[in-house]
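To start, the structure itself, in C-alpha cells.
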Amino acid sequence: MNAVDQATATQLKNIEQRLGKSLEELAAFVRGSGLAKHGEIRKLLQDSFGLGYGDANTLAHLVQRSDGASQAADQGLDEAEVLDNLYTGPKADLRPIHEALMTAIRGFGVDFEVAPKKGYVSLRRLPAGRLVEQPAGGMCNYKVRLSQAAEVDAELLGWVRAAFDGAG
C-alpha cells in the first residue's frame, strides 16, 4: 500500500472511531438519503456528523466510488490505457505534451508515483524522509520535524516557499 492509500485508510478508520459508525453504516445512511450529487452528499455528511470538508469529501468519494482511482480500477485500466483513453479524438494532439512533461519530471531525479485515474493521471511525490504527508481533512498537508537550527536548510525553505506560493 502506498503512502497516500495508507493515509486514506487511516483517515477512514479515524472517521469510524470518531463517529462510532462503520463505513457500511455510513454508506447506508448516504444511500438512504436519496442524494446522488457528490457536493450534496459531502454537505449532508458535514451537517449530519460534523465532519470537516476533507473527511466528508473522502467519505463521499468512498460511498460513491467516484474517485478516479476506483473508477480506473473498476474498469481494469492501467496507466497506458488511461492515457490512451485521455488522448483520443480532439485531445490526441495533447499526448506529446504529456510525454514531454513526464520526461522532464523524470529528469528531476526524485521518486514519484504515477497513479492512473479514469480521466487523468495523478503524480504524487514520495516523501523524502523529512517531509511527511498528513491525512486529508486535517489542518496541514505535510509536516516536518525539526530538532536543531541547522535543519533550516535549502530543502526545507524550498518546501516552505512552495507552500507560501501555492497559498496565494
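The values are calculated or read from the model by the stated rules, or taken from the named source; none is laboratory data. None of the values given here were measured: they were computed from a predicted structure. In this analysis, Cβ positions are derived from the backbone assuming ideal geometry, glycine residues included, and neighbour counts consider all displayed protein chains.
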Considering only residues that are assigned to a helix (DSSP H, G or I) and of a type in the set (Lys, Arg), look in segment 37-60 and name the one that is farthest from residue 5 (Cα to Cα). 43
Those residues of segment 62-89 that are modelled with pLDDT of 80 or more and either farther than 29 Å from residue 99 by Cα or in a loop (DSSP other than H, G, I, E, B) (or both) come to a total of 5
Checking residue 54 against (1) out of contact with any helix residue (DSSP H, G or I) (no Cβ under 7 Å at 6 or more places or on another chain); (2) at pLDDT 90 or above; (3) outside the structural domain of residue 121 (by TED's automatic domain parsing), the condition it does not meet: (2)
Looking for something hydroxyl-bearing (Ser, Thr, Tyr) and modelled with pLDDT of 85 or more - is there at least one such residue anywhere in segment 113-122? no
